[in-house]
Each structure stands twice: as C-alpha cells, then as structure tokens.
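The values are calculated or read from the model by the stated rules, or taken from the named source; none is laboratory data. All of these numbers come straight from a predicted model, not from anything done at the bench. With ideal geometry, Cβ positions are generated from the backbone for all residues, glycine too; neighbour counts draw on all protein chains shown. When the accessible area is computed, the model is the full protein with side chains, heavy atoms only, and any ligands, DNA or RNA have been set aside. Shrake-Rupley method; radii C 1.70, N 1.55, O 1.52, S 1.80 Å.
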Amino acid sequence: MLVDLHTHSTFSDGRYTPTQLVEMAARAGIGVLALTDHDSVNGMEEAQQAAQTVPNAPQVVAGVELGAQAGENSVHILGYNIDIHNEKLLSKIEEMRHAREHRLHRMLAKIGALGYHITVEDCDPKNRAVGRPHVAKALVAAGYFESVDEAFEVLLRRGKPGYEPQPKLSPEEAVELLHGAGGIAVLAHPAELENLPLVEMLLKNIPFDGIEVYHPSADEKLQQHFAQLAQKYNLLTSGGSDFHGVEGRFPEQLGVFKVESSKVDIIKTMIK
C-alpha cells in the first residue's frame, strides 16, 4: 500500500484544497493520507468529510506541521493523530497565526521600500498560515519575478533584503504541544537541516516519537542513515512527499514520490 504522510493544502501554502488532495490521493492509489498544514488544522474537517464521499478515498490522518527554531536552524515537526479540538494546541496555533500576520506586514513594508508593492490582500492570508510562499506568489502575479524561486533568491530567503524572521516555538515546546494533544511527534525532513550532528542531537535530547526517513530531500544514503538513527533511538520511521502542488517544486503531482507502507512502521499506529 502507498502512503503519503506529509501534504499541504490551501489552508497553509499548498495549491489544492483538502478535498482535491483526497481526490488526487484516491486516483494515485494512496491508502493513507496525512494532511499536515503549517501551523493549522483548519483543513482537517474538510479532508475527513471528503474521505467519506470520494470513491476509493484514503484513510485521512489528522496532522499538522509546526515550525520550531533551534539556534539559527529552522526545525519542522510533524504531528500525527492529534486531537484537532485540543484547546492548548488551537490557542498556540492561533497565537502563531497572529504573529505570522504581523510578520507579513513587516515583510511587505521591507519589500515596499525596495520598490516591490503588493498588499496583504494580494497574499490572501485569510484562514491560512501565511508565509513567504504567499508573498512570493503575489510578487510573481504582480509581474516582479518570473517564478517563486526567483522571488526567494532575490528577496525572501534568509539573508536577503526582504527576509523577516518567523516566530517559532522551540523544538521542546512543539513536541510537548503535540503530545498534549494526544499526538505523535516526528522530526520532519531532517536532510533539510544540512547538519547531521544537529539531527542526532535533537533525536537524543528531545522526546520525539519518530523521524521522517523518506522525503524528497533525502537520497538513498541519507535515508539509510536516518533509518539507522531511528533504530538507535527506538523511533518510528515515517515518510511523505511534502506535496504543495507548486509548479517547479518536486513532486508536482501527488503520488509521484512513492512511500510504501511496509517501509514506515509509524503506519501501524495510524491504520484502524
């Protein structure tokens, strides 16, 4: 059975609605789908409702991806099987959403001073965990850049003139929050940290339940390394495509990056 335990919808920075994701997963033969929007669970009820009506729909897992910060490093943490009505989780997510909105205003002021004029409405932050991808898409739509990647390289990447730090939790806070909501906490795409000693330090010192071994950013050698770390620290293995549906970002179609259920033992905690 194919699974995809890392996807994003229009409720964060994905291109497709939760219903469309469920439909696409059904067509791709994916049996278990986790919706893991950035700092948002607002799309979960729609995804779960779609799973009741779409033919051959996958089982939908309630998930989220929380942004955390460890020193200068951005650490993302996936939560699975969470209670999407948990008050503490919802309160913190709402707090982070407001912080993201304030960040958006600061970012727009920065790039406006450089001659790039777009509005909050252009970025369409309503009901979303708004971030740099929304700003980049608005800049492309306004004709300033030809692609999202170009907007990031010129303006929005860390160290560029339009960059504005994102308010984030500590990894410890994020894991505690997910556990408090009855969920499983998984270190997301460790290859993107580009710091293997840091990956091991996080796994050793923070009570993660799992690690995302299979992700487009990890080649076969890194996958083997992360699988060995999972065994060393008695962690569950997970995997997903990190699908956003953005043109030019692999994978552009759901189901292209294949993860077999037999490779990820975390799936045993998800299948009902």
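Summary table below
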{"quantity": "For Q69, residues with placed amide H under 5 Å, excluding near neighbours", "calculated": "V75, L169, S170"}
{"quantity": "Expected 222 nm ellipticity per residue - DSSP helices of 4 or more, -39500 (n - 2.57), all of the chain, to 500", "calculated": "-11000 deg cm²/dmol"}
{"quantity": "Enclosed volume per residue, in Å³, of the convex hull spanned by Cα atoms of the chain", "calculated": "120 Å³"}
{"quantity": "Percent antiparallel among DSSP beta bridges (both partners in the chain, rounded to 5)", "calculated": "45 percent"}
{"quantity": "Per residue solvent-accessible surface (Å²) - region 165-272, probe of 1.4 Å", "calculated": "49 Å²"}
{"quantity": "Pair S170, D219: separation of 7 Å Cα→Cβ label points (nm)", "calculated": "3.6 nm"}
{"quantity": "Rounded if a/c under 1.5, otherwise prolate or oblate - region 191-272, Cα gyration tensor axes", "calculated": "oblate"}
{"quantity": "Label-point separation, E194 to E260 (7 Å along Cα→Cβ), nm", "calculated": "3.3 nm"}
{"quantity": "Reference-scaled alpha-carbon Rg (2.2 N^0.38 Å with N residues) for region 28-183", "calculated": "1.15"}
{"quantity": "Per residue accessible area in Å² of region 1-99, where ligands, DNA and RNA are left out and the probe is 1.4 Å", "calculated": "38 Å²"}
{"quantity": "E247-V140 pseudo-label distance in nm [points 7 Å out on the Cα-to-Cβ vector]", "calculated": "0.7 nm"}
{"quantity": "Qualifying GluC sites (Glu not before Pro) in region 47-104, DSSP loop, other Cβ atoms within 10 Å at most 15", "calculated": "E72"}
